[in-house]
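These notes are about the structure you will find just below.
Where a number appears in this text, it was derived from the coordinates with a stated rule and is not lab data. No experiment lies behind these values; they were computed from the predicted model shown. Glycine gets a Cβ as well: all are built from the backbone with ideal geometry, and neighbour counts include every protein chain shown.
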Amino acid sequence: MAVQYDPKIIAQHAEALYRRASRIVFTSGVTGLIVGAVALGVASNNSPSNTVLTFVGALLGALMGISIGRGRAFVYQLQAQQALCQVEIESNTRRAAALTSALPVKSD
């Protein structure tokens, strides 16, 4: 079976990368929230302001998780843009080659 070039497959891959990028920010934020709440909740177990410190830990964890998630999401978005750029380059090259081959040849 011969493999055929299909730009739609690359576009679908790029869409999947963008969906993954949007999910990773959310999941990293939620994970950071849980880890931060548990970490400061356990650390402040004997403190009278246990609830406040747990909330602060959750907030800081969520912010750190979102920050890390945005960095990871950027990598996926960049990969998607590179794939789409390659499809566009191929399309422009194919169009230019077709126009060039359709021109009459000059003979001297």
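Values computed for the structure shown
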| quantity | calculated |
| --- | --- |
| Net charge, Leu17 excluded, C-beta distance under 14 Å - Lys, Arg +1, Asp, Glu -1 | +3 |
| Cβ crowding within 10 Å averaged over residues, with 52-58, 73-79 ranked highest first | 52-58, 73-79 |
| Modelled FRET efficiency - R0 25 Å, Leu59 with Ser22, Cβ distances, 0.05 increments | 0.70 |
| Value of [θ]222 nm, deg cm²/dmol, for the chain, DSSP H segments ≥ 4, -39500 (n - 2.57) each, nearest 500 | -31000 deg cm²/dmol |
| Selected from Ala102, Gln81, Leu60, residue furthest toward positive end of dipole (the chain; charges at beta carbon) | Leu60 |
| Degrees between helix 50-102 axis and first principal axis of the chain (Cα, 0 to 90, nearest 10) | 0 |
| Computed FRET value (nearest 0.05) for Val30 with Gln81, which takes r as the C-beta separation and R₀ as 22 Å | 0.25 |
